[in-house]
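Asks: Here it is, the structure in full.
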């Protein structure tokens, strides 16, 4: 028998009203503005855009504020908003080689053309909380220096590519890449699909996986060939016109991770590459993505697939934090009937084992450790 | 590569500038340049998405990086041409005016003024902002120097 029980409407309404109150906090304290969030919590906004897979700083800031700073909740809000909108167009692939560079470093080439540009980085800071920052003291304007053209900073993989010591980007095949927002993921997935999934995957999950490859769970011996951060043009063909137009810019972070490869029957020994590309200033995520991208290419280089980071289905099926949080968090919703059934089953088993009660038949059907665990 | 004098290339450049105008810029310049022309909506402005693509490795096969919000509009100037616009973001008025300026640009007697006072001005603003940011970045460039070593 299945008994539906209703109730809780008033509790839910009051809970949401309470949430509104707690979100706003002390009314004497000014409310956060979206400008404050996009400017002063820019990297939180960037993370929400990247993993929400929707570039719109103001919307992401609204989501961060509405979610009280719970970034996965904010990512969820952005994903939900996205589903309400039609897709107008697909852009031409962005050209990271023509980026307006705000940061660009290489750990492999000290004197690369265009130089090492540190940009606004946390690197080399002391990681000490500065009590002085609690007060809103004046901040110096940045130092300026005559700049070379961004055009003089080629991507490091283009420099190395000339000697064929490093794997090339591969051909641009002109095919439409698969899109996981349109068709469900199927395995094995093409690299383009993996990159899409990784670009919107959870930073923490990918960071852990990337770290695992460094610790020996997988085969990478990586160097950061290059990280670059900056704005790129988004170029789109407009309906009814036979030319493309720049419709604006997005800021992205790109990481070229260079890995060793001993060669195979068909390939000479060379450096191989993992690629990371993420919306916003998201260096850690781009690096982790490039490590995992390389690990997932194990089959291409006849590498044994033994570690979690090399297991395509394991990585892609669990990288999405909205999916993950949905399934984990659903456990807190009412499971009263399921649990009653487990409880009854357990009582019958106990009674049977003790030789009293029941109808003498051992319980059949569902019996596994999950049930026992759920009943605990 | 089309030459800068090619009409298609010039319109492309103009539309790219309109799309990248600072907020409020197009609306502020419309009255003085439009000579009382009314903007008649044809489509939108409406908000939607553009799927932004990247390239594997930076230069290889395309993949879907993620979407960006966009607004598009098509308008007709009274008894005049139809203009189109698509811009990143959700600024409806900006998209409407970008389409209106695209239409105005197509009127021969207005084109020079639009190019001079809108297109060139937006490009100047963008270049100035880019220049400042590039200079701030350049100041963080590492100047390596070799330490004296203990051997001859």
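Asks: Can you put A:117, A:41 in order of Cβ neighbours within 10 angstrom, beginning with the fewest?
Replies: Least to most surrounded, the residues fall as A:41, A:117.
Asks: Using a Gaussian network model of chain A with C-alpha springs under 10 Å, which one of A:135, A:295, A:192 is most mobile by mean-square fluctuation?
Replies: Top of the fluctuation ranking is A:135.
Asks: Pick from A:233, A:169, A:21 the residue whose mean-square fluctuation is largest in a GNM of chain A, springs joining Cα atoms under 10 Å.
Replies: Between A:233, A:169, A:21, it is A:21 that shows the largest mean-square fluctuation.
Asks: What percent of all Cα-Cα pairs in chain B falls into each 10 Å bin, going from 0 up to the bin containing the maximum distance?
Replies: Pairs per bin, as whole percents: 10, 30, 29, 16, 7, 4, 3, 1, 0.
Asks: I'd like the mean, over residues of A:189-198, of how many other protein chain beta carbons sit within 10 Å of each residue's own Cβ. Spell out each step's value before the answer.
Replies: Values: counts 0, 3, 5, 9, 2, 2, 9, 7, 2, 1.
Counting other chains' Cβ atoms within 10 Å and averaging over A:189-198 gives 4.
Asks: Relative contact order for the stretch B:18-152: what percent, with Cα pairs under 8 Å and sequence separation of 6 or more?
Replies: 22 percent
Asks: Could you work out how far apart the two model spin labels at residue A:317 and residue B:27 are, taking each label as a point 7 Å from the Cα in the direction of the beta carbon, and quote it in nm?
Replies: Roughly 5.1 nm, to one decimal.
Asks: Going by how many other beta carbons lie within 10 Å of each one, how would you line up A:87, B:29, fewest first?
Replies: Lowest to highest Cβ neighbour count: A:87, B:29.
Asks: Taking the Cα centroid of the stretch A:86-159 and of the stretch B:69-138, what is the distance between the two, rounded to the nearest whole Å?
Replies: Here the two parts' Cα centres lie 28 Å apart.
Asks: Between residue A:172 and residue A:58, what length in nm is gained on full extension when 0.36 nm per residue of separation is reduced by their alpha carbon distance?
Replies: Details: separation 114, 0.36 × 114 = 41.04 nm, distance 3.35 nm.
Going from the current span to full extension adds 37.7 nm.
Asks: Would you give the gap between the C-alpha center of the stretch A:287-308 and the C-alpha center of the stretch A:177-204, rounded to a whole Å?
Replies: Using only Cα atoms, the two centres lie 15 Å from each other.
Asks: Most mobile of A:261, A:243, A:271 per a Gaussian network model of chain A (Cα springs, under 10 Å)?
Replies: A:243
Asks: Determine, from the Cβ-Cβ distance of residue B:8 and residue A:223 and an R0 of 41 Å, the FRET efficiency 1/(1 + (r/R0)^6), rounded to the nearest 0.05.
Replies: 0.40
Asks: Could I ask something else about it? For a test of the definition: using alpha carbon positions, the gyration tensor, and the 1.5 limit on a/c, classify the stretch A:54-108 as rounded, prolate or oblate.
Replies: oblate
Asks: Can you compute the helix-only [θ] at 222 nm over chain A? Use -39500 (n - 2.57) per DSSP H run of at least 4 residues, normalise by all residues, nearest 500 deg cm²/dmol.
Replies: -11000 deg cm²/dmol, from helical runs alone.
Asks: Something else about it: Going by C-beta contacts inside 10 Å, put A:137, B:49, B:104 in order with the fewest on the left. Walk me through the numbers on the way to the answer.
Replies: Working: A:137 7, B:49 23, B:104 26.
Lowest count first: A:137, B:49, B:104.
Asks: Return the distance in nm (one decimal) between the two label points of a simple spin-label model at residue A:336 and residue A:84, each offset 7 Å from Cα along Cα→Cβ.
Replies: 3.3 nm
Asks: Relative to the longest principal axis of chain B, what angle (0 to 90°, nearest 10) does the C-alpha long axis of helix B:92-105 take?
Replies: 70 degrees
Asks: While we're here: Pairs of alpha-carbon atoms within less than 8 angstrom and 6+ residues apart define the contacts here; what relative contact order does chain A have, in percent?
Replies: Value for chain A: 16 percent.
Asks: Using all C-alpha to C-alpha distances in the protein assembly as shown, build P(r) with 20 Å bins and read off the rounded percent in each one.
Replies: With a bin width of 20 Å, the distribution comes to 18, 45, 28, 8, 1, 0.
Asks: Still on this structure, I have one more. Averaged over its residues, how many other protein chain Cβ atoms are within 10 Å of peptide A:172-181's Cβ atoms?
Replies: The mean count of partner-chain Cβ atoms within 10 Å per residue comes to 4.
Asks: How many nm separate the modelled label positions at residue A:346 and residue A:299, each set 7 Å beyond the Cα in the direction of the Cβ?
Replies: 4.3 nm
Asks: On average, how many beta carbons from a partner chain sit within 10 Å of the beta carbon of a residue in B:17-30?
Replies: 1
Asks: Tilt of helix A:71-82 relative to the longest C-alpha principal axis of chain A, in degrees (0 to 90, nearest 10)?
Replies: Here the helix axis deviates by roughly 80 degrees.
Asks: I'd like the orientation of helix A:42-52 relative to chain A: the angle between its Cα long axis and the longest Cα principal axis, in ° from 0 to 90, rounded to 10.
Replies: 60 degrees
No lab work stands behind these numbers, since they all come straight from the coordinates. In this text the structure is predicted, and so the values were computed from the model without any measurement. All Cβ positions, even for glycine, are placed from backbone atoms using ideal geometry, and neighbour counts span all protein chains on display.
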